[in-house]
Amino acid sequence: MLVIAPAILCGAGLMAESKTPSLGYTGAPSDHGGQDCSTCHSSYGPANSDPAGSLRVNIEDYIPTEPQTIHIIVQHPDADRWGFQITIREQSEETLSSGVFTITDPTDTQVACDNGTQYGSNAPCNGTIVRQFAEHLNAPRGTGGTAFEFDVSWMPPPEEVGRLHVYVSAVAANGDGTPLGDRVYTVVKTLNNAGTCDFTKAAVLQTISNGASFQPAFSSNGMITVFGSGFQTSGRARTAGLGDFVNGAFPTELGCVGVEVTGPGLAQPVDLPIAFVDPTQINAQMPEFVGTGPVGVTVILNPGAMNAISSAIGTFNTLEAFAPAFFLFSNSTSIAAEEATTGSIVADSSVVAGASPAKPGDIVSVYGTGFGATNPATAAGQIPSAAATLANPVTVQIGDVTLGSSDVLYAGLTPGSISGLYQFNVRIPASTPNGDIPVTIAIGGVQTQAGVTIPVQQ
């Protein structure tokens, strides 16, 4: 179905739509801009415009690998034929379907997958297609005024993936073989993971480090990395996304794992916001401490449950007022950087495919952690929506040049990211030669790690 000219295809494909609807019209925002069946069946305006009818979708919060039957009930007193389409997506990645549909009633329902073409054509679901739909087959007839129920079996994903979104669009049609005179109804539901955490063996905590430099020093509100073993089952990794956020902040439990700290100025143990976890590594953000001193760290499996298991407490004496460090691209000494106006990655193409060096005069954004307080202050785990500048001055050096204030255009938190990620928009000096150019930022008498660079090419 062509989004740019829906009336043309709606007029030409009426009978086909009653048998096999065009894919991707459930209202899912990543499919055709969130369009639903009212794109074609538009006589009564947008979906849910006619209160005489209704759509009910009965589905429960999911438990991984525990199947359930989804009941889709559409009703209107003047309808004679019925249709629907449903898809279930990860809230953290709306372009990916979650779980697998199977058909229990092959007379009225079918499963189809998007084959990757621009508007999605029905294709076999062979395990490689990322967007799956269940939908009507041959638009079954019913008695006017009687709700028609479609039943679809759904197997949830094998492991928890955070919250899921269920998108359903349904048509209560008058049966005249055209899209005229039909009503459309939509439902969007959010499913939570209702499964239980079942680790049986305590994790082993080995050490913690600065989350950017992997050196020992860390600071208030800085990102850290916890190293050890038993944090996840083998091969399992979880990255926090929208489906995990709690009240717009990063979660303190991810993949059945939590991290608890004690330290200077904390009246009680604090649960850390977590950004990533795999079997041997946890990326998290420290809270705001008062002063310096020993910090106690505990990794908790099945946190908050009766079967919670705590690691041995690790005590670390590397809390500093400032622990500035750059994030680097993987397996390199190249600072994580991008062109400030275009977002193009700044790196050698051998480090990041498709990237390119900066040019003298370019404004480049570089990223790090451990730079201390900001104005306004932002609590750990929060996601700032606007600029929050550093409370303390910094000195930026690129190659042999110490930048003036006019060439440091921004120094503070990265809007839209976890509050432990800092951003610096800096201008590459016009005199910078070609090559891998050292960059340092100093704050409070402490400097970022040595030996890291940005590539520059005239």
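The values are calculated or read from the model by the stated rules, or taken from the named source; none is laboratory data. This structure is a prediction, so every number in the text was calculated from the model and none was measured. FYI the Cβ positions are ideal-geometry reconstructions off the backbone, even for glycines, and counts take in every protein chain you see. Surface accessibility is based on the protein's heavy atoms, side chains included, excluding ligands, DNA and RNA. Shrake-Rupley method; radii C 1.70, N 1.55, O 1.52, S 1.80 Å.
Among the residues in region 188-206, are any within 27 Å of Phe326 (Cα to Cα) and not small (Gly, Ala, Ser)?
The answer is yes; a qualifying residue exists.
Of all strands (runs of 3 or more DSSP E) completely enclosed by region 290-355, which ones contain at least 2 residues that are touching a residue at least 40 places away in the same chain (Cβ under 8 Å) and farther than 21 Å from Thr440 by Cα?
Fully inside region 290-355 and qualifying: 295-301, 314-316.
Among the residues of region 391-443, write down those that are hydroxyl-bearing (Ser, Thr, Tyr) and touching a Ser or Thr at 6+ places or on another chain (Cβ under 7 Å).
Thr395, Thr402, Ser419, Tyr422, Thr440
Mind checking which residues of region 98-115 are within 27 Å of Val161 (Cα to Cα), open to solvent by 50 Å² or more (accessible area, probe 1.4 Å) and of a type in the set (Ser, Thr, Tyr)?
Within region 98-115, Thr102, Thr104 qualify.
Scan region 135-173 for residues that are buried (at least 18 other Cβ atoms within 10 Å of the Cβ) and acidic (Asp, Glu) and jot them down.
Correct list: Glu135, Glu160.
Being in contact with a Cys (Cβ under 9 Å, 6 or more places away or on another chain), open to solvent by less than 50 Å² (accessible area, probe 1.4 Å) and either polar (S, T, N, Q) or at pLDDT 95 or above (or both) is true for just one of Pro303, Pro287, Pro279, Pro357. Which residue is that?
Pro303
What residue, among those in region 100-125 that are among the acidic types (Asp, Glu) and under 19 Å from Ile88 (Cβ atoms), is modelled with the highest pLDDT?
That would be Asp105.
For region 30-60, what are the residues that are open to solvent by 20 Å² or more (accessible area, probe 1.4 Å) and in a strand (DSSP E or B)?
Asp36, Ser54, Leu55, Arg56, Asn58
Restricting attention to region 403-451, and to residues there that are touching a helix residue (DSSP H, G or I) at 6+ places or on another chain (Cβ under 8 Å) and closer than 17 Å to Glu338 by Cβ, which single residue is most open to solvent (accessible area, probe 1.4 Å)?
Arg427
How many residues are within 27 Å of Ala377 (Cβ to Cβ) and of a type in the set (S, T, N, Q) when one looks only at region 421-445?
Residues flagged as within 27 Å of Ala377 (Cβ to Cβ) and of a type in the set (S, T, N, Q) within region 421-445 amount to 3.
What are the residue pairs meeting all of these: first residue in region 364-389, first residue in contact (Cβ under 8 Å) with a residue 24 or more places away in the chain and among the aliphatic types (A, V, I, L, M), second residue open to solvent by 10 Å² or more (accessible area, probe 1.4 Å) and not in a loop (DSSP other than H, G, I, E, B), Cβ atoms under 6 Å, and 6 or more apart or on different chains?
Ala388/Thr374
Counting only residues that are of a type in the set (Val, Ile, Thr) and over 15 Å from Gly222 (Cβ atoms), which one in region 245-289 is farthest from the chain's Cα centre (by Cα)?
Looking at the filtered set, the residue picked out is Thr262.
If you go through region 61-97, how many residues are surrounded by 14 or more Cβ atoms within 10 Å (Cβ to Cβ) and more than 22 Å from the chain's Cα centre (by Cα)?
Result for region 61-97: 15.
If the Cβ limit is 6 Å and pairs must be 6+ apart or interchain, which residue in region 406-419 that is assigned to a helix (DSSP H, G or I) pairs with which residue that is open to solvent by 20 Å² or more (accessible area, probe 1.4 Å)?
Going by the 6 Å Cβ cut-off, the qualifying pairs are Asp407/Arg427.
Kindly check whether there is at least one residue in region 363-373 that is over 27 Å from Ala217 (Cα atoms), open to solvent by 20 Å² or more (accessible area, probe 1.4 Å) and not in a loop (DSSP other than H, G, I, E, B).
Yes - at least one qualifying residue is present in region 363-373.
For region 212-228, enumerate the residues that are polar (S, T, N, Q) and open to solvent by less than 40 Å² (accessible area, probe 1.4 Å).
Across region 212-228, the qualifying residues are Ser213, Ser219, Ser220, Asn221, Thr225.
Go through region 306-324 residue by residue and tally those that are surrounded by fewer than 17 Cβ atoms within 10 Å (Cβ to Cβ) and within 24 Å of Thr196 (Cα to Cα).
Result for region 306-324: 5.
Which one of the conditions (1) outside any strand (DSSP E or B); (2) in contact with an Asp or Glu (Cβ under 9 Å, 6 or more places away or on another chain) does Asn392 fail to meet, given that it meets all the rest?
(2)
For region 241-273, which residues satisfy the criterion of being among the acidic types (Asp, Glu) and open to solvent by 30 Å² or more (accessible area, probe 1.4 Å)?
Glu253, Glu260, Asp271
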